[in-house]
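Let me begin by presenting the structure, written as structure tokens, before commenting on it.
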Amino acid sequence: MAITKARAATVTAGPHARGGIWSWITTVDHKRIGILYGTSALVFFLVGGLEALLIRAQLARPENGFVGPETYNQLFTMHGTTMVFLVAMPAAVAFFNYIVPLQIGARDVAFPRLNALSYWVFLFGGLFMNSSFLLGQAPNGGWTGYVPLTGPRFAPGLHIDFWVLGLSMLGISSILGGVNFITTIINLRAPGMRLMRMPLFTWMTLVTSFLLVTAMPVIAVALILLIFDRFFGTSFYAPAGGGDPVLWQHLFWMFGHPEVYILILPAFGMVSEVIPTFSRKPLFGYAIMVYSGILIGFIGWGVWSHHMFATGLGPIADAFFAIATMIIAIPTGVKIFNWLATMWGGSLRFSTAMLFAIGVIASFTIGGISGIMHSAAPADLQQHDTYFVVAHFHYTIFGGTILGTFAGIYYWFPKMTGRLLDERLGKWHFWLMFLGFHLTFFPMHWIGLLGMPRRIFTYYDELGLGSLNLLATIGAFTQGVAVVLFLWNLLRSRRHGVVVGPNPWNAATLEWSIPSPPPEYNFAVIPEVHSREPLWERREATPAPPAPEPAIHLPPPSHWPIVVAFGVLLTFGLFLANVWWVPLGGVALVAFGVMNWAFEPGH
Amino acid sequence: MHVDLYEKIWMGLAVLMIAAFLGSITYGAFAFASHPPSHVETIDPKLVRTDARFATPGVSTRPDGSVQVVVLAQMFSFQPAEIRVPAHVPVTFRLTSADVIHGFAIVGSNGNTMVVPGYVSQFTTEFARPGDYLIVCNEFCGLGHHVMSGKLIVTEEEAP
């Protein structure tokens, strides 16, 4: 028997609020915070998706006047910013929160209140940035925010202020989250859960958390310099004042490329859970999957200037970054082949989760290959900032991260609710989304090579781009239908889905050993782990789960995280007043909240 | 507060590492005047129109038969908007920007450079196929980004 009684908890549990909105505001339970993250990411996904549909409606035919250039610039800037920072990252963090403690046999994360703080700062940052739409002054400088276009001289008004301040807040949230998950995974593993027995999703969470903790400070530096330029009249980036606009590009991409792996590694982790389960085979080459994930994390730091081949860095820099970029394709390719080898000879079940995981393999590989095309600097010069690049990164971020996240949702939904998502609707969702996705983004390769630059609000008829763009628009709306089906499936299955037991997929990892949805304390007794697939070992001996121990210590709810998060919001939001001492009000609230946090009883 | 011995050693090492990194960056910046790798030829973006290098944008032939094209990029046009160069001859483009970052991409060739204010961007290429080429700005530069384009005409005959 793989799961035996290991150790008993001793401290008495405090009072717990169990229902109502207040219990959600003050919760420090990692499962509830995971649901909050996931729900918020879904809402932002709808916002960002709506922006994408408006963009595609505008580009459906040449010289269209559906939205004006100013609105268009705000739409694509917010679409990119939203999808990266408010959708892909929090959706992954939702699963970090919900699943990782369950996979390692822990009762919560290492710092439950810090976890709540991460969430609230993220939510406030996202709402703050989107509130700019109410003033008609949404950010309009592109998600990369290249100076001097985003500097004080060429971007007056509040547009870029909202962007730079909102992003700073999101960075704080990500760093806190990264610290929390590194500590949780290193320190809170159940007895016998050695590093090389951890599920792949937990491993990729660990690598991603290290990337968060190391990459987010770089964007923080870049943003703080821009805040100084915009609010205090410095000229770090202004060439007229002796500054250097190329500095922004280096800082942005030094963060931006590790960020790409922050986006994709969690999805790789999810795919690495789904494929073995539905192939009824252990993951092929576990160790090399772990090592290639770590390698991607490391080499991801040495490729940033491949975004800057056109900047004119000279042949030595270009050659270095071209080679580093080609090298990083190797560990990524290893993962693709190992997934294929896992399926090879397996007893395959094509559930919706499995279809999405296979969809990742197919789509991400195309994005990976166009990535290699960019890595050759001379070839990149023909593709730089054209729609070819747009096609490439949607194949990796949508085809990898978003499809992978959907695989995760269909896979773990029964663990979170005790009910299955409807498989018939799920298959409609998958096929519509998969076909719509390729219909949208595959033509963009040609659109780009024919010379259509990114971020143009319209194009002339004589360029002959009309029909390919129309095709892309049809694809985008097909995906819109798929998302509506998914939403309906989600709402319906939450109440009426097929009720299932703890392990509906016959999966191998620890989260499937406890009831669905898991009780507040997760594990009645902390399991002892003897292998990588604890639930596939000697299954016949599984007894009924023992009764929970009478005294399991769980941290009581706390309202200080949301107070501190509100202080962070004030600190950054009050910069809009443009008086240097006003943000200090927010700092005071943060200090007050942290003091009370530190001396809160029961923690 | 009790701090574990290993933790103390690790903290000490971390502080030393930070000091060494900061020290080497500071030393490099001041002793060798090193900066992030960038193009070396600079220009004052406020004075581009009076600077001798960009006062008269256009095409000129150099003594060795090669062709030089001087282009000024600004919101939202290239100056000159129409460029005429001969085929099978090395053509050197020299560009700068009067305001924000622009792009200069000749569609259907690998002539493409970012045009950064404060710097002179330069590249040399040769056109094998005569014909009309579209020039686009592919760095987002604001409201009129979509209209910022030009035309390159590659001719069989010799340069003017």
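The values are calculated or read from the model by the stated rules, or taken from the named source; none is laboratory data. Fair warning: this is a prediction, and the values are worked out from it, not measured in the lab. Every residue, glycine among them, receives a Cβ derived from its backbone with ideal geometry; neighbour counts consider all protein chains shown.
Structure above, values below:
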quantity	calculated
Of all residues making up region A:324-350, the number that are among the small types (Gly, Ala, Ser) and in contact with a Gly (Cβ under 8 Å, 6 or more places away or on another chain)	4
Test: residue in region A:301-310 that is assigned to a helix (DSSP H, G or I), more than 26 Å from A:MET89 (Cβ to Cβ) and either touching a residue at least 60 places away in the same chain (Cβ under 8 Å) or more than 24 Å from the chain's Cα centre (by Cα) (or both)	yes
From A:GLY451, A:GLY501, residue being in the same structural domain as A:GLU70 (by TED's automatic domain parsing), in contact with a strand residue (DSSP E or B) (Cβ under 8 Å, 6 or more places away or on another chain) and outside any helix (DSSP H, G or I)	A:GLY451
Residue list for region A:220-247, restricted to those being within 13 Å of chain B (Cβ to nearest Cβ), touching a Pro at 6+ places or on another chain (Cβ under 9 Å) and assigned to a helix (DSSP H, G or I)	A:PRO239, A:ALA240, A:PRO245, A:VAL246, A:LEU247
Any hit, region A:427-446, residues being within 23 Å of A:PHE321 (Cα to Cα), buried (at least 23 other Cβ atoms within 10 Å of the Cβ), among the hydrophobic types (A, V, I, L, M, F, W, C) and in the same structural domain as A:ILE35 (by TED's automatic domain parsing)	no
Subset of region A:362-397 (residues that are among the β-branched types (Val, Ile, Thr) and within 11 Å of chain B (Cβ to nearest Cβ))	A:THR386, A:VAL389
Residue count, region B:94-121 (criterion: more than 7 Å from chain A (Cβ to nearest Cβ), touching a residue at least 40 places away in the same chain (Cβ under 8 Å) and under 12 Å from the mean Cα position of the chain (by Cα))	7
Cβ-Cβ under 7 Å pairs, at least 6 apart or on other chains, region A:363-382 side more than 26 Å from A:LEU340 (Cβ to Cβ), far side among the charged types (D, E, K, R)	A:ALA377/A:ASP318
Checklist (1) away from every other protein chain (no Cβ under 14 Å); (2) within 19 Å of the chain's Cα centre (by Cα); (3) surrounded by fewer than 12 Cβ atoms within 10 Å (Cβ to Cβ) applied to B:VAL40, failing item	(1)
Residues that are surrounded by fewer than 18 Cβ atoms within 10 Å (Cβ to Cβ) and among the hydroxyl-bearing types (Ser, Thr, Tyr), drawn from region A:45-94	A:THR71
Exclusive hit being in contact (Cβ under 8 Å) with a residue 40 or more places away in the chain, surrounded by fewer than 21 Cβ atoms within 10 Å (Cβ to Cβ) and assigned by TED's automatic domain parsing to the domain that holds A:TRP143, set A:ALA324, A:ALA329	A:ALA329
Boolean, A:ASN64 is among the polar types (S, T, N, Q), within 14 Å of another protein chain (Cβ to nearest Cβ) and in contact with a Leu (Cβ under 8 Å, 6 or more places away or on another chain)	no
Members of region B:122-141 found to be within 9 Å of chain A (Cβ to nearest Cβ) and in contact with a Pro (Cβ under 9 Å, 6 or more places away or on another chain), listed by number	B:VAL136, B:CYS137, B:ASN138, B:GLU139, B:PHE140
Positions within region B:93-131 being hydroxyl-bearing (Ser, Thr, Tyr) and closer than 24 Å to A:ALA238 by Cα, in sequence order	B:THR96, B:SER97, B:THR113, B:TYR119, B:SER121
Scope region B:60-93; condition part of a strand (DSSP E or B), of a type outside the set (Phe, Trp, Tyr) and within 14 Å of chain A (Cβ to nearest Cβ); matching residues	B:ALA73, B:GLN74, B:THR92
A:MET216, sole failed condition from (1) under 25 Å from A:GLY404 (Cα atoms); (2) in a loop (DSSP other than H, G, I, E, B)	(2)
Residue satisfying all of: in region A:454-470; assigned to a helix (DSSP H, G or I) and free of Cβ contacts under 8 Å to residues at least 24 places away in the same chain; farthest from B:ASN110 (Cα to Cα) among these	A:SER467
Residue within region A:261-278 that is among the polar types (S, T, N, Q), more than 14 Å from chain B (Cβ to nearest Cβ) and free of Cβ contacts under 8 Å to residues at least 60 places away in the same chain present	no
